[in-house]
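Note sheet for the following structure.
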Amino acid sequence: MKTQPARLLLSLLLFSFLLTALSGQAGPNPLSVQYEELTAPEFIQAIQQSGGICLLPAGIMEKHGPHLPLGTDLFLSREIALRGAHKEYSLVFPPYYFGQIFEARHQPGTVAYSPELVWNILEETCEELSRNGVKKIIIVNGHGGNTHFFSYFCQSQLARETDYQVYLFTPDDGEVGDEIAALRTTDYGGHADEVETSMMVATRPDLVKAERGGTQSGRDRQRLQDLPFAYTGIWWYASYPNHYAGDGSTPNKEIGELSLESDSDQLAELIRYLKANDPVGTLQEQFHREAKDPLKTGQ
């Protein structure tokens with residue numbers, strides 16, 4: 001009879017130990033990388049854990065041949081951003097679909113905002129991110145028509161002082177270029193083509209209708225090939241009036257995975273570097289100090 005309390009105490013201690021062990025195995029819930037999923041207290045932790053870095057996955061609403069969804073660029077830029085952030089923690093902003101897409105205004109579903117709005121919303125988004133502790137913003141662009149705009153936006157950071165930095169992620173596609181080329185069945189493209197369709201197969205296969213990929217032509221019409229020494233905004237329409245460059249009827253998931261993994265690996269490398277280094281911030285501060293008194297700088 002005297003041993004029952006001791007046995008009961010031992011059982012309780014053992015039960016408590018097991019609960020502690022199981023709790024330790026489960027560990028704390030990891031912070032989400034997705035900006036919109038965080039609570040306000042978690043957001044503060046995320047800023048600290050990310051080193052004040054946020055990825056801005058940018059796309060557009062536009063036709064992608066007859067077989068891919070209008071938001072293809074949004075899906076792919078966000079997939080690359082999420083994969084990169086999971087490899088090296090950073091925040092990932094919600095899908096950002098404000099950009100330059102005037103060349104597709106003749107196609108159904110295109111949303112083309114005014115240049116002023118596109119500029120202002122990007123600038124104000126960056127300023128709001130900075131106000132919330134994000135000091136390094138990496139644009140992960142999924143839309144070719146945005147490239148020059150985003151490059152110019154980055155250049156404009158030298159026009160006035162800010163307390164944040166903007167980077168345009170520029171992956172080296174040659175990293176897996178030979179492997180992808182060996183798997184491709186077509187040798188032309190650029191928009192909704194075999195590679196981009198393959199990336200969507202690896203990301204959202206439920207939205208890919210590859211059987212429709214051959215119902216329209218994605219060949220270059222070459223309607224301005226004889227225009228000498230000039231650039232004109234109508235060039236894309238002259239070449240690809242269907243807003244389709246390539247043939248997306250034969251996607252290959254392996255191609256998609258190679259491309260997505262290569263880009264996200266390089267993105268993670270950039271995030272890792274920016275966590276440990278701040279050469280751009282230092283140089284920007286020095287530049288703006290000197291810009292205030294350029295005559296003295298030039299002595």
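Look at Glu127 and say whether it is open to solvent by 40 Å² or more (accessible area, probe 1.4 Å), assigned to a helix (DSSP H, G or I), within 14 Å of Gly248 (Cβ to Cβ) and not aliphatic (A, V, I, L, M). Full working, then the answer.
On the way: open to solvent by 40 Å² or more (accessible area, probe 1.4 Å): yes; assigned to a helix (DSSP H, G or I): yes; within 14 Å of Gly248 (Cβ to Cβ): no; not aliphatic (A, V, I, L, M): yes.
It is false that Glu127 is open to solvent by 40 Å² or more (accessible area, probe 1.4 Å), assigned to a helix (DSSP H, G or I), within 14 Å of Gly248 (Cβ to Cβ) and not aliphatic (A, V, I, L, M).
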Inset, instruction - Restrict the check to segment 210-231 and report whether at least one residue is part of a helix (DSSP H, G or I) and under 16 Å from Gly144 (Cβ atoms). - result: no
Inset, instruction - Identify the single condition in (1) open to solvent by 30 Å² or more (accessible area, probe 1.4 Å); (2) touching a helix residue (DSSP H, G or I) at 6+ places or on another chain (Cβ under 9 Å) that Gly133 does not satisfy, given that it satisfies every other one. - result: (1)
Inset, instruction - Give the number of residues within segment 286-299 that are touching a residue at least 12 places away in the same chain (Cβ under 8 Å) and open to solvent by 70 Å² or more (accessible area, probe 1.4 Å). - result: 1
Inset, instruction - Scan segment 160-177 and report the pairs whose first residue is under 20 Å from Phe149 (Cα atoms) and whose second residue is open to solvent by less than 40 Å² (accessible area, probe 1.4 Å) and in a loop (DSSP other than H, G, I, E, B), with Cβ atoms within less than 9 Å and a gap of 6+ or a chain change. - result: Tyr164/Gly52; Tyr164/Val134
Inset, instruction - Considering each of Val201, Val195 in turn, give the residue that is closer than 17 Å to Glu79 by Cβ, modelled with pLDDT of 95 or more and in contact with a Gly (Cβ under 6 Å, 6 or more places away or on another chain). - result: Val201
Legend entry - Members of segment 254-299 that are among the basic types (Lys, Arg), assigned to a helix (DSSP H, G or I) and either more than 18 Å from Lys135 (Cβ to Cβ) or touching a Pro at 6+ places or on another chain (Cβ under 7 Å) (or both): Arg289, Lys296
Inset, instruction - Just need a number here: residues in segment 198-232 that are open to solvent by less than 50 Å² (accessible area, probe 1.4 Å) and not polar (S, T, N, Q). - result: 9
Legend entry - Meets criteria (at negative phi and open to solvent by 80 Å² or more (accessible area, probe 1.4 Å)) for Glu257: no
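When segment 236-253 is examined, which residues are found to be assigned to a helix (DSSP H, G or I) and open to solvent by less than 60 Å² (accessible area, probe 1.4 Å)? Steps first, please.
First pass over segment 236-253, keeping only residues assigned to a helix (DSSP H, G or I): 236-239, 253.
Across segment 236-253, the qualifying residues are Trp236, Ala238, Ser239.
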Inset, instruction - Tell me which of these Pro108 doesn't satisfy, since it passes every other one: (1) open to solvent by 10 Å² or more (accessible area, probe 1.4 Å); (2) under 28 Å from Glu161 (Cβ atoms); (3) assigned to a loop (DSSP other than H, G, I, E, B); (4) not aromatic (Phe, Trp, Tyr). - result: (2)
Inset, instruction - Could you please let me know if Ala46 is farther than 24 Å from Thr197 by Cα, touching a strand residue (DSSP E or B) at 6+ places or on another chain (Cβ under 7 Å), open to solvent by less than 40 Å² (accessible area, probe 1.4 Å) and not in a strand (DSSP E or B)? - result: yes
Inset, instruction - Test Leu122 against the criterion of being open to solvent by less than 60 Å² (accessible area, probe 1.4 Å) and at pLDDT 95 or above, and give yes or no. - result: yes
Inset, instruction - For segment 71-83, state whether one or more residues are open to solvent by 50 Å² or more (accessible area, probe 1.4 Å), over 30 Å from Lys209 (Cα atoms) and aromatic (Phe, Trp, Tyr). - result: no
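The values are calculated or read from the model by the stated rules, or taken from the named source; none is laboratory data. Treat the numbers as computed from the prediction; the structure is a model and nothing was measured. Quick reminder, even Gly has a Cβ in these numbers, built from the backbone with ideal geometry, and neighbours come from all protein chains shown. Ligands, DNA and RNA are excluded from the accessible area calculation, which covers all protein heavy atoms including side chains. Shrake-Rupley method; radii C 1.70, N 1.55, O 1.52, S 1.80 Å.
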